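> After the structure tokens below, expect a handful of questions from me.
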Amino acid sequence: LRDCIQTDIRYLSGWKQWKRTSSKSLKKVLSEVKELSSYLELWRHDIHSIEGIYCLMCIFPHSMCFCLLNFIIFILMFSFITLPSIISEYGIFNSSFAKVQPKHIEPHCTVYKPTGNQGLVYFYTYLKDLLSGTGFLEVTELFYGYYTIDAAWLSTLSYNLPLAYLLATFAYLALSLLWIIKRSVEGFKHNLVHNEDQFQSYCNKVFAGWDFCITDPNAAQLKHRSLQYELKTDLEEERLKQKIAERTTKEKLRIYSLRIFINIIVLAVLSGCFYSIYRATVFSQENSNDINNTNFQANLLVQYLPSIVITLANFIAPQIFSFLITFEDYSPAFEIRLTLLRCIFVRLASIGVLLFSLWSQISYCDTDKCKACGYNYELYPCWETQVGQEMYKLMIFDFIIIIAMTLFVDFPRKLLVTHCSCKPVQWYGLQEFGISDNVLDIIYGQTICWIGTFFSPFLPAIATVKYFIVFYIKKVSLMHTRKPAARPIRASSSNFFFLVVLLIGLVLAFIPLGISIAHIPSSKACGPFRSFNTSWAVVPATVLGFPTGLQQVLNSIASEAFAVPFFMVICLVMFYFIALAGAHKRVVEQLREQLVMESRDKLFLIRKITEAQRH
């Protein structure tokens, strides 16, 4: 073939020969660059090692992706919010800033005295501030209250910081949404092909699953283990399907009754968690500012009580759900999904209960002075910063719990099982590396980051460091202190479901952010929106500064006259793509039937030829 190609090249013109040679060289360079860039991929070797041994590809790549996503979000917030504030404040590049005092606002609404440390400060005070975001951290770039300038000037250029703050918030939410949708579409395609025909998937693994480019013995061993794990999972699922099909009426009645009873227990656990979080939040709000309480440790415990109760609920409830799910006799993939739904409901609802309690306290006004501000200025002079502190504490406590579980639970248990031959200890064994629990930690932490970034622009940087450290903690836990799940679980089929649950977490994050931006009055004593009634009010105020023609265009786009036809066009486009997808599906089914018929025809011809040769 190479000789034929070289012969054909001889008869080409000089331009065509150069064009073909350049195209070939460019493809080779791009291939080498792509191969070289794969070695720069974060945790590439670690993930491949884990994949070959345990095939937990649904957990560790998510940690890598979230680490990169949060880093990009941090760069976005730092570039458009923090950096202009720092440059203008210190007069770098001949820059300056402007602060506009709020108009038609009572003077008492603009009073904000951060709880900074003054005089001699003990070490444990710094430790408390580091864990809670108070004290010296409250007045830094970490929280919303630091960004009090209204405009930054660089030479003759003006920079609208309030508008940039709001647009950067919309940008990181949109970026996260697009990232999840992109990965979900890829997972949906894989899931659709995988679930189309189980026998076809089995044949693909047996006859076309090996990578013949592998030359390294270690890589071959990793690939062998990966294929073995996939085949084991297929057999496990087929065994469960056969078991379900052979159930008698009595067995079905027993298992359904047991499932109903277990779901009642689950509802009781959920109710207990929500009530505990609600009571802890109310008690903390009522007693954390008690000036008569001279016991520093008790006051500190009361202040952190909501975060502690939420962390305990998030730790205890998944353990109960993981224990109960083993009695419901579901498939491994469905066990992960059901356990995840139950646990993520506890975690996301716990954040919702906390925010609802805070907002009820923020919006509660029983005096004329308070009503003049629009929020409880006495308890929350800068309520955005205090909400950011709560999100900060939740993330820090979640990180502490992950480290504490590995150091003080998994390692001692590993030592006991290794060095103690007692039957109870050996029967108890090592803790299993639960996929649902670990994915739940990722989704929970990312939801906190999405909600808290508006109130704490540096929270994505903390989340990036957290995910980076947690990756190695989880790796050490999996390799040395825990054992893989006794029942095999297909990571590839569950990957799409994890992304869907993550999408639910992002959509739920839109709700508190939307309420904070559009409904609750912004603080008049801190932040970039001091001069506006709400954070969203900066948008119409900016539009009023546009030329009259552009204002009319934007008003027309925002009117019902534009929205109704636009919605109808979107519906027509959606129906068209649905019909197109249905047509493509029918064509695929016809092609598959045609392939089956051709295979039967070939078998028929082989039989005829064999019979003719015999005669």
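The values are calculated or read from the model by the stated rules, or taken from the named source; none is laboratory data. Every value quoted in this text rests on a predicted model; they were computed, and no experiment measured them. Note: ideal-geometry Cβ built from the backbone for every residue, glycine included; neighbour counts use all protein chains shown. Just so you know, the surface numbers come from the protein's heavy atoms only, side chains and all, with ligands and any DNA or RNA stripped out. Shrake-Rupley method; radii C 1.70, N 1.55, O 1.52, S 1.80 Å.
> Considering only residues of the stretch 42-86 that are open to solvent by 40 Å² or more (accessible area, probe 1.4 Å), over 21 Å from residue 177 (Cα atoms) and of a type outside the set (Lys, Arg), which is modelled with the lowest pLDDT?
Applying the filter and picking the extreme gives 57.
> Go through the stretch 311-342 and report how many residues are among the hydrophobic types (A, V, I, L, M, F, W, C), open to solvent by 30 Å² or more (accessible area, probe 1.4 Å) and over 20 Å from the mean Cα position of the chain (by Cα).
So the count comes out to 6.
> Related question: If residue 267 satisfies every condition in (1) open to solvent by 100 Å² or more (accessible area, probe 1.4 Å); (2) within 30 Å of residue 350 (Cα to Cα); (3) modelled with pLDDT under 75; (4) hydrophobic (A, V, I, L, M, F, W, C) but one, which is the exception?
Looking at each condition in turn, residue 267 falls short on (3).
> Would you please name the residue that is least open to solvent (accessible area, probe 1.4 Å), looking only at residues in the stretch 547-564 that are over 35 Å from the mean Cα position of the chain (by Cα) and modelled with pLDDT of 80 or more?
For the stretch 547-564, the residue satisfying everything is 549.
> Keeping to the stretch 372-395, report how many residues are touching a Lys or Arg at 6+ places or on another chain (Cβ under 9 Å) and closer than 22 Å to residue 311 by Cα.
Selection size over the stretch 372-395: 1.
> In addition: Look at residue 545 and say whether it is over 30 Å from residue 358 (Cβ atoms) and outside any helix (DSSP H, G or I). Before the answer, list the steps.
Working: over 30 Å from residue 358 (Cβ atoms): yes; outside any helix (DSSP H, G or I): yes.
Here the answer is yes, as residue 545 does meet what is asked.
> Let me confirm something: among 351, 400, which residue is over 30 Å from residue 429 (Cβ atoms) and in a helix (DSSP H, G or I)?
Only one candidate passes the filter, namely 351.
> Assuming residue 184 fulfils every condition listed in (1) under 30 Å from residue 511 (Cβ atoms); (2) at pLDDT below 85; (3) open to solvent by 80 Å² or more (accessible area, probe 1.4 Å) apart from one, which condition is it?
Single failed check for residue 184: (3).
> Tell me whether the stretch 524-544 contains one or more residues that are open to solvent by 60 Å² or more (accessible area, probe 1.4 Å), within 28 Å of the chain's Cα centre (by Cα) and modelled with pLDDT of 85 or more.
yes
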